[in-house]
Amino acid sequence: MARIVIYHNARCSKSRAVCELVAAQGVKAEVIEYLQTPPNEEELRGLLKKLGMKPGELVRRGEEIFKQHYAGKTLSDDEWLAALVAHPILIERPIVVRGARAVIGRPPEKILELLED
């Protein structure tokens with residue numbers, strides 16, 4: 001099986017549930033606490049490609065920083081990407097990567113599609 005990487009926020013219950021689900025499947029994953037080790041622009045572009053998403057689709061709109069700085073604004077893909085790099089708390093979580101594919105673990109069971117291949 002290809003390596004599994006989880007972009008994780010320990011304060012997020014969905015993120016913790018994904019880590020537990022992966023472990024329960026007997027899979028050892030590399031866990032990246034992305035708020036402590038945030039992805040740079042190149043890494044984020046790679047994640048977005050694997051997710052099949054645009055930067056604006058990865059934004060957590062409930063975060064206070066979004067409400068204060070971005071709510072109601074129309075940003076380009078590059079501007080959203082810069083916002084995600086500058087404020088990694090805005091990145092939707094958890095993201096689970098296996099090879100050339102990635103999914104957001106919401107709900108946590110969604111990651112099972114990566115483990116079944």
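Derivation of every value follows stated rules applied to the coordinates shown; laboratory data play no part. Given the structure is predicted, the values throughout are model-derived calculations rather than measurements. Backbone-built Cβ (ideal geometry, glycine too); neighbour counts: all protein chains shown.
A few remarks follow.
- Rounded to the nearest 20, the Cβ-based charge dipole of the chain about its Cα centre (Lys and Arg +1, Asp and Glu -1) stands at 220 debye.
- GNM top mover of ILE95, ILE32, ILE104 - the chain, alpha-carbon springs below 10 Å: ILE32
- Derived scalar couplings ³J(HN,Hα) [the stretch 59-68; Karplus, 6.51 cos²θ - 1.76 cosθ + 1.60; whole Hz; x for Gly, Pro]: 7, 7, 7, x, 6, 4, 5, 5, 4, 6
- The Stokes-Einstein estimate for the chain, based on a Kirkwood radius over Cα pairs and taken at 25 °C with 0.890 mPa s viscosity, is a diffusion coefficient of 170 µm²/s.
- Rg over Rh [alpha-carbon atoms, Kirkwood Rh] for the stretch 72-117: 1.10
- Radius of gyration and Dmax over the Cα atoms of the stretch 38-91, both given in Å: 10.3, 29
- Three-way shape call for the stretch 1-65 based on the alpha-carbon gyration tensor, with the a/c threshold at 1.5: oblate
- For HIS8, the residues whose modelled amide H falls within less than 5 Å of its own, excluding neighbours fewer than 5 places apart on the same chain, are ILE32, GLU33, TYR34.
- A simple rule links phi to the HN-Hα coupling: the Karplus curve 6.51 cos²θ - 1.76 cosθ + 1.60 with θ = phi - 60°, which for the stretch 73-89 gives 9, 9, 10, 6, 4, 5, 5, 5, 4, 4, 5, 5, 5, 6, 9, x, 4 Hz, with x for Gly and Pro.
- Computed over the chain: relative contact order in percent, which uses C-alpha pairs under 8 Å that are six or more apart: 35 percent
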